[in-house]
Each structure stands twice: as C-alpha cells, then as structure tokens.
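As structure tokens, the structure follows; a few thoughts come after it.
Please treat every number below as a calculation from the coordinates, not as lab data. What you see is a predicted model; the values in this text were computed from it and never measured. Cβ coordinates were reconstructed from backbone atoms using ideal geometry, including for glycine residues, and neighbour counts include every protein chain displayed.
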Amino acid sequence: SANATDEVRALLAEGEVPVDTVGGRRRQAFPLAVTTTLWANGSIRIETGFLALFIAFVIKSEYADASAFTQLLLLGVVGVAAGLGGFVGNAIGARLPLSKPDQVSIAALGAVVLTTLIAALIPGLITAAIVGLVGSTASALAKVCLDSVIQHELPEASRASAFGVSETALQLSWVFGGVVGLLLGGVWTFGHDSVYTIGFAVITLLLAIGMAQSWFVRRGRS
C-alpha cells in the first residue's frame with residue numbers, strides 16, 4: 001500500500017540498510033535461514049494462489065448444470081477449509097517453540113506437497129478441500145516462521161527492508177500460482193476427472209522443485 005511504502009522510505013531516509021539475497025555495497029545480505037524460509041513460504045504461496053483460482057474455475061465449468069447457489073456452496077466448502085487452516089496455522093505458530101524456523105517451514109511445505117500429490121492420485125472436491133486446509137495451515141505457520149527468522153537473523157536497521165522484500169516475493173508467488181490455476185482450471189479444458197489430476201500433478205511438481213530449492217539453499221549449495 002501507499003502508506004506502507006511511505007513508511008519504508010522514511011525508514012530508509014533515517015539510516016535503514018536495504019537487503020537483498022546476495023548483499024553488496026551498503027546492502028545487508030539475507031542469511032541462509034531467511035532465504036531458506038522465504039523459498040519455502042514462496043512455494044506454499046504458489047499452492048494457495050493456484051487453489052484459489054483453480055477451484056473457482058473448475059467448479060464453474062465442471063458444475064455448469066448446477067444452480068448458482070450449489071456452485072457457491074461447493075466453492076464455500078474449499079473456502080471454509082482454507083479459512084480454518086489459516087486459524088489453525090496461526091494458533092500452532094503462536095504455541096510452537098520456533099528454535100529452527102527454516103526446518104519448520106520446509107516441513108510445512110513437505111506436508112503441502114504430500115496433500116497435492118494425494119489430490120492428484122485421488123481427484124475430487126473433497127481432496128481439494130483437504131489441500132486447502134493443509135495449504136492454509138502451512139502458509140500461516142510458515143509466515144510466522146519467516147517473521148521470526150527475520151527478527152532474529154537480521155539487524156534492526158535492515159528488518160523493515162527485509163519485510164518489504166519478503167512480502168513482495170510472497171505476493172508475486174501467489175500471483176504466479178493463481179495464473180497457473182487460471183490456465184489449468186479456466187483456459188485449458190479437460191474432462192471432469194482429468195482436470196483435478198492434471199492440475200494437482202502440475203502444482204505438485206512445482207512445489208517439489210520449490211522444496212528441493214529450499215533444502216539446497218539451507219545446505220548452502222544453491
């Protein structure tokens with residue numbers, strides 16, 4: 001938002017040290033723990049963005065003969081599951097001792113990969129709702145981990161910049177996932193059974209790549 005941008009600019013004017021992923025002249029590099037957690041968060045956001053648009057278009061196209069109320073009810077099943085997941089993720093994050101937030105984030109991503117794989121193998125609206133529940137839980141928990149690791153790993157002079165960079169990266173990840181969901185659920189048409197299988201297979205592959213990248217970053221090999 002404009003207000004948030006103005007606040008960040010004000011902090012920069014008062015001596016804020018910008019951050020990026022590699023560092024440089026007068027810039028604070030992200031520590032590996034922050035970069036790892038950010039990769040895991042971004043990967044999970046791809047899944048939440050994907051599901052938000054994918055399910056909406058799939059229900060509209062595959063249940064075209066149903067009434068508008070029925071379509072809204074079906075969409076609400078996934079929406080309620082996702083909303084409940086966000087609440088559960090924040091509750092777990094508030095109670096869980098985050099001594100290793102990067103590992104917790106990767107574990108959360110692993111849970112999402114597992115559920116999307118199951119959804120690809122057992123297609124249907126019920127498994128899509130489970131993906132929404134687990135994905136939102138993982139997203140909320142991973143975000144708590146990201147906030148925690150930024151607070152602990154970066155000096156105070158760089159935290160505002162780090163939060164700005166991370167939020168931008170997460171928003172872009174969500175948009176990317178949404179575009180994938182739009183293409184697979186709304187633009188390219190498949191059969192009723194195939195659309196779930198193909199959609200969740202593609203997102204599982206993307207998440208697996210993100211998980212591998214998160215792991216390699218944590219090991220300092222990427």
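Mind ranking 148-158, 32-42, 107-117, 88-98 by how tightly packed they are, going by the mean number of other C-beta atoms within 10 angstrom, highest first? Provide the component values of the computation, followed by the final result.
Details: 148-158: 17.2, 32-42: 25.3, 107-117: 21.3, 88-98: 14.4.
Result, highest mean first: 32-42, 107-117, 148-158, 88-98.
Explain nothing, just the number: dipole magnitude of region 92-222 about its Cα centre with +1 on each Lys and Arg Cβ and -1 on each Asp and Glu Cβ, in debye rounded to the nearest 20. Provide the component values of the computation, followed by the final result.
On the way: 7 positive and 6 negative charges, 57 e Å.
Once rounded to the nearest 20, the dipole reads 280 debye.
Averaging the inverse of every distinct alpha carbon separation and then flipping it gives the Kirkwood radius. What is it for region 87-192, in angstrom units?
Working: mean 1/r = 0.0644 Å⁻¹.
It is 15.5 Å.
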